[in-house]
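Asks: Below is the structure I would like to discuss, written out as structure tokens.
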Amino acid sequence: MLILSVESTCDETAVAITEDGRRVLTDQIFSQADLHAVYGGVVPEIASRSHVEVIAQLADRAVAVAGITKKDIDAVAVSYAPGLIGAVLVGVNFAKSAAYSLGVPLVPVHHVRGHIAANYIAFPDLKPPFLCLAISGGNTMLVDVRDYTELHVIGATRDDAAGECFDKTARVLGLPYPGGKHVDALSKQGDDKMYKLPHIKVEGNPYDMSFSGLKTAVVNLVHTSEQKGERINREGLCASFCRAMSESLVPRTMKLAQELGYDKIAVAGGVAANSRIRDDFKAAAEKAGKTLYVPPLSLCGDNAAMIGCQGYYEFKAGNRAGTNLNAYATMEL
Ligand code: KG4
């Protein structure tokens with residue numbers, strides 16, 4: 001079954017062609033990062049307008065590179081929530097029109113379900129159930145993946161997403177947008193014990209998370225040293241920050257896996273590209289005798305192949321959207 005899938009929830013426009021869920025024929029991605037870099041963050045209107053400009057060209061290119069014709073497409077899948085609303089609307093409207101004109105079913109896909117499904121592409125043998133930590137620019141959650149379309153959020157951030165916190169740290173240190181990868185790169189040259197940063201403290205659900213305290217601590221540290229005329233050690237701060245982030249995420253995930261009795265742990269989303277988090281997960285999984293699944297960097301960030309993969313399982317579960325499908329800025333998993 002061939003699916004044309006569409007992703008436009010933030011600052012990547014992407015169109016993919018996937019076969020039977022896990023086989024990626026092509027994944028065409030246009031990153032808008034350069035358009036937003038000058039502003040230090042995503043400007044919603046610029047994002048929407050850029051999606052409008054490139055989306056049809058990407059679809060044409062996807063069909064050509066996959067070596068298929070439009071008539072071969074069996075369904076269209078689209079990431080319809082959550083995300084920047086103006087951006088998501090562009091993808092939804094394009095996908096709707098494509099499904100309408102091709103006369104094929106339209107399949108709605110939750111963006112974070114897509115991130116989790118990136119693991120099915122990377123690891124052909126991976127099947128639910130397993131535990132997944134989804135960490136991206138807009139979402140941070142611990143998900144009990146009981147089946148392909150039966151997912152339960154056990155804990156989530158109560159304020160900022162992990163990626164937001166990386167990007168804010170980068171910004172206050174004067175690093176380019178999107179900042180996560182720059183914080184990661186600098187952290188490799190620094191001492192992770194140089195700065196003492198707070199770890200998550202939340203009352204109630206032990207698997208909920210909060211990153212606003214960590215973010216504020218970094219901002220205060222940088223501003224205070226500027227006021228005192230002291231030079232901040234950027235490498236040391238990035239290393240200490242990655243350590244604090246990893247120590248907030250990895251042990252929590254391992255504890256939950258133990259509690260749920262899962263031997264398989266997956267990590268997904270843009271922040272899953274972080275080298276400290278990847279290394280710490282690898283060591284923790286080895287120690288606990290659990291199997292770890294972390295996608296290659298190309299499948300961590302936003303892409304459309306992951307939407308096509310999850311779209312296949314949503315289709316098999318009977319999920320379809322009508323021509324009245326809307327886009328949503330927020331949506332439960
Ligand atoms: O999954 P993604 O592309 O978009 C969303 O669905 O939100 O994630 C983007 C986020 C950004 O916050 C970016 O800074 C972060 O992932 N990121 C990283 C790294 N690479 C990307 N964060 C930490 N370390 C990295 N190497």
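The values are calculated or read from the model by the stated rules, or taken from the named source; none is laboratory data. Just so it is clear, the model here is predicted, and its values are computed rather than measured. FYI the Cβ positions are ideal-geometry reconstructions off the backbone, even for glycines, and counts take in every protein chain you see. Keep in mind that these areas ignore ligands, DNA and RNA; they rest on the heavy atoms of the full protein, side chains included. Shrake-Rupley method; radii C 1.70, N 1.55, O 1.52, S 1.80 Å.
Asks: For V24, indicate whether it is modelled with pLDDT of 95 or more, within 22 Å of L299 (Cα to Cα) and surrounded by 21 or more Cβ atoms within 10 Å (Cβ to Cβ).
Replies: Spelling it out, it is not the case that V24 is modelled with pLDDT of 95 or more, within 22 Å of L299 (Cα to Cα) and surrounded by 21 or more Cβ atoms within 10 Å (Cβ to Cβ).
Asks: Considering only the stretch 79-108, state which residues are outside any helix (DSSP H, G or I), open to solvent by 10 Å² or more (accessible area, probe 1.4 Å) and over 19 Å from M1 (Cα atoms).
Replies: Residues satisfying the conditions are Y80, P82, G83, L84.
Asks: Pairs please, first residue from the stretch 70-81 and outside the structural domain of I17 (by TED's automatic domain parsing), second anywhere and modelled with pLDDT of 95 or more, Cβ atoms under 8 Å, 6+ apart in sequence or on different chains.
Replies: Once the first residue is outside the structural domain of I17 (by TED's automatic domain parsing) and sits in the stretch 70-81, no partner that is modelled with pLDDT of 95 or more comes close enough.
Asks: Which count do you get for residues in the stretch 158-217 that are more than 11 Å from the ligand (Cβ to nearest atom), more than 18 Å from N233 (Cβ to Cβ) and not polar (S, T, N, Q)?
Replies: Total satisfying the criteria: 16.
Asks: I'd like the full set of residues that are within 14 Å of the ligand (Cβ to nearest atom), over 19 Å from the mean Cα position of the chain (by Cα) and small (G, A, S), limited to the stretch 243-277.
Replies: The one that is within 14 Å of the ligand (Cβ to nearest atom), over 19 Å from the mean Cα position of the chain (by Cα) and small (G, A, S): A244.
Asks: Could you please tell me which pairs satisfy a Cβ distance under 6 Å, a separation of 6+ or placement on different chains, a first residue in the stretch 156-176 that is outside any helix (DSSP H, G or I) and among the small types (G, A, S), and a second residue that is surrounded by 20 or more Cβ atoms within 10 Å (Cβ to Cβ) and modelled with pLDDT of 95 or more?
Replies: A156/M141; A161/T140
Asks: Kindly indicate whether I232 is part of a loop (DSSP other than H, G, I, E, B), touching a residue at least 12 places away in the same chain (Cβ under 8 Å) and not assigned by TED's automatic domain parsing to the domain that holds V107.
Replies: Details: part of a loop (DSSP other than H, G, I, E, B): yes; touching a residue at least 12 places away in the same chain (Cβ under 8 Å): yes; not assigned by TED's automatic domain parsing to the domain that holds V107: yes.
For I232, the condition - part of a loop (DSSP other than H, G, I, E, B), touching a residue at least 12 places away in the same chain (Cβ under 8 Å) and not assigned by TED's automatic domain parsing to the domain that holds V107 - is met.
Asks: Among the residues of the stretch 109-140, what is the count of those that are within 17 Å of S5 (Cα to Cα) and open to solvent by 20 Å² or more (accessible area, probe 1.4 Å)?
Replies: The qualifying residues number 2.
Asks: Which one is surrounded by the most Cβ atoms within 10 Å (Cβ to Cβ), of the residues in the stretch 1-21 that are assigned to a loop (DSSP other than H, G, I, E, B) and over 19 Å from the mean Cα position of the chain (by Cα)?
Replies: Per the stated criteria, the residue is M1.
Asks: Please state which one of I68, I46 is surrounded by fewer than 18 Cβ atoms within 10 Å (Cβ to Cβ) and in a loop (DSSP other than H, G, I, E, B).
Replies: I68
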